[in-house]
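Presented below is the structure to which this report refers.
Nothing in this text is a laboratory measurement; each read-out follows from the coordinates by a stated rule. The structure displayed is predicted, hence computed values, not measured ones. In this analysis, Cβ positions are derived from the backbone assuming ideal geometry, glycine residues included, and neighbour counts consider all displayed protein chains.
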Amino acid sequence: MSTRILRRPVNPEYLQQLPEFHPLLARIYSGRGVSHSEEISRQLKGLHSYHSLKDIDKAASVLADAVTSNKQILIVGDFDCDGATSSALGVLALRGMGGRADYLVPNRFEYGYGLTPEIVEVAEQYQPEVLVTVDNGISSIEGVAAAKSRGWQVVVTDHHLAGRETPVADAIVNPNQHGCPFTGKNTAGVGIIFYVMCALRTELKNRGWFENHQAFNPFNLLDLVALGTIADVVSLDANNRILAWQGLARIKAGHCRPGIQALIEISNRNQQQLTSTDLGFALGPRLNAAGRLDDMSTGIELLLTNNLDQARELASELDGLNRDRKEIESGMQQEALKLLATLELDKEKEQPWGVSLFQEGWHQGVIGILASRIKEKLNRPVIAFADADNDELKGSARSIKGLHMRDALDSVARENPGVILKFGGHAMAAGLSIKKQDFERFQQAFDREVRNQLKPEQLEAELHTDGELKVSDLSMDTAALLRDAGPWGQNFPEPTFDGTFQVLQQRLVGQKHLKLVLKVPSSEFYLDAIAFNIDTAVWPDLSIQKIHTVYKLDINEFRGQHSLQLMIDYLEPA
């Protein structure tokens, strides 16, 4: 697979509007479409007002009635990091405002995703009077109806795209439902329940509730909002950047849930220097491991506990699950690569554009990561399937730029009635169920749909960089400047650069990581670099004396010493 390295264009007009920033930082912001400093505000006053969220006043009224009447409220969550943080935030905020609240999260392997009629039956044991969905519910037509038939009130909070039909609930708060004017369409599920809790606090305050009850500030839970937002890989637009930065600032200052502190410790991260990358690639996966392999209740309990010792025990349990997940994923990836070889990917005419993979024994909780890994290798939309009950397969889909995955599945469903039993998701990720007997039919239909929507050049991998760095910018000061200028994330990527270096040393460490000593040509400037998970069939190659690379600046900490290091994303012989 070839890779094109493209430098982000810099708008000179935007640069002129950013005079207060370091020239390099202004260039980086400009390359991400920032035209005014207000767009990268970190102040809470810059957040979108929740008042434009459709139905939020209805939701606040229903919940305020429940709190003041001491009704039992049940949160029904999802089994990923966004769902766990959403569930914890909802329970903590409701209890903090004097409500009776508990949670229920469906087990991925028994009940699947969302508020189904089956999970409503399980919910009966909690004897709820009000049911609140977080990070799910917009497609739960039957589940909401089942809850309503029991006399419960239902508030749906979600951020997934709405289908043609929406459930008949007492209130639906979702920026992506039809007719919602809220401009923060990229808000994660945890951000939506955060807004609902802010509206609830206002409603209770207007009713005089806090005159006799302890006041509660949902903004104290922004650590959960930051973790859920970054881990769910939603677009880090201006509003999400404020939520993420404010939450990160609280965590770095030590004002966070004991569970988050325990995750930082078990991940061997520096709390004072924590970044969005740490949330997305260290804390988030450990929390997600509970939902992938076991039961997300472990993750939610971690976020709910006020006891640091208990949090450390739970974090250790999650760390073990995450190691198990890595082992399972590694085996599945090897099997997937063998399957791909049988698809004869080297022959252009027979090469699938939309890749669907299935093998007996694959773990249902890990297929999403598998799809992501194979997508990264091939730069093609990928769906990985695993066995489910009733002779069904559950699939997890990951897309590339140019193909809206949920819309593509919608087209496949319309043109091939009955092949897809159910589906839902976003532009870049989705989930679906099919009959096992229909796998090959779906495989062909999905490939056809991808071919209809994409052009050949879109299958060529692209790496976008912020250009070349001057030798004077290859410094720890620059690395610290860029680290602190975040948060970086989806659609607001961490700064990367490209350049050519002479290779002085190269060796493998940890069996699959390439450690290098590099020299800037025509200078006496030397620096260390590392490339993780490289192709050991190619590297190290001691005959290569010069490389072209795409990299990030990093500060390496080892035994109390700090040094500049390049984190290599891509390298090729120059």
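The long axis of helix 284-293 is offset from the longest Cα principal axis of the chain by roughly 60 degrees. With axes computed from alpha carbons, what is the tilt in degrees of helix 367-378 against the longest principal axis of the chain, rounded to the nearest 10 within 0 to 90? Once rounded, one gets 30 degrees.
One Cα centroid belongs to segment 167-227, the other to segment 388-412; the line between them spans 30 Å.
Ranked by the mean number of other Cβ atoms within 10 Å per residue, highest first, peptides 326-338, 74-86 order as 74-86, 326-338. Percent relative contact order of the chain, based on C-alpha pairs within less than 8 angstrom and at least six residues apart? Across the chain, relative contact order equals 12 percent. A DSSP coil position with no more than 16 other Cβ atoms inside 10 Å describes the following GluC sites (Glu not before Pro) in segment 86-142: 110. At an R0 of 45 angstrom, the distance between the Cβ atoms of residue 207 and residue 36 translates into a FRET efficiency of 0.70. Once the C-beta distance of residue 110 and residue 20 is scaled by a Förster radius of 60 Å, the resulting FRET efficiency is 0.65 to the nearest 0.05. Computed about the Cα centre, the dipole magnitude for the chain is approximately 860 debye when only Lys and Arg (+1) and Asp and Glu (-1) carry charge, each at its Cβ.
From most to least packed by mean Cβ count within 10 Å, the peptides 25-37, 377-389 give 377-389, 25-37. Loop-located trypsin sites (Lys or Arg not before Pro) in segment 473-516 (DSSP state other than H, G, I, E, B) with a sparse environment of at most 13 neighbouring Cβ atoms within 10 Å: 512. Dividing the summed helix terms, -39500 (n - 2.57) for each DSSP H run of n ≥ 4, by the number of residues in the chain produces a 222 nm estimate of -11500 deg cm²/dmol to the nearest 500. By the rule of a C-alpha distance below 25 Å, with chain neighbours fewer than 8 residues away ignored, the lysines paired with residue 326 are 338, 375, 377, 394, 512, 515, 552. Simple spin-label estimate for residue 142 and residue 335 gives 2.9 nm between the two label positions (7 Å along the Cα-to-Cβ direction from each Cα).
Once the C-beta distance of residue 4 and residue 532 is scaled by a Förster radius of 22 Å, the resulting FRET efficiency is 0.50 to the nearest 0.05. Principal-axis analysis of the Cα atoms of the chain puts helix 439-453 at an angle of about 70° to the longest axis. Positive end of the dipole of the chain (Cβ unit charges, origin at the Cα centre): among 114, 6, 163, the Cα lying farthest that way belongs to 6.
In percent, rounded to a whole number, the relative contact order of segment 424-514 is 25, using alpha-carbon pairs under 8 Å and six or more apart. List the lysines whose alpha-carbon lies under 26 Å from that of residue 71, not counting same-chain residues fewer than 8 positions away? Once the sequence-local lysines are set aside, what remains near residue 71 is 54, 58, 148, 205. Measuring between their Cα centroids, segment 231-289 and segment 365-384 lie 25 Å from each other. In the chain, a dipole from Cβ-located charges (positive for Lys and Arg, negative for Asp and Glu) runs towards its positive end, and of 356, 372, 514 it is 514 whose Cα lies farthest in that direction. Simple rule: put +1 on each Lys or Arg Cβ and -1 on each Asp or Glu Cβ in the chain, find the dipole, and look at 564, 531, 59; the Cα lying farthest toward the positive end is 564.
Of all DSSP-defined beta bridges confined to the chain, some 60% are antiparallel rather than parallel.
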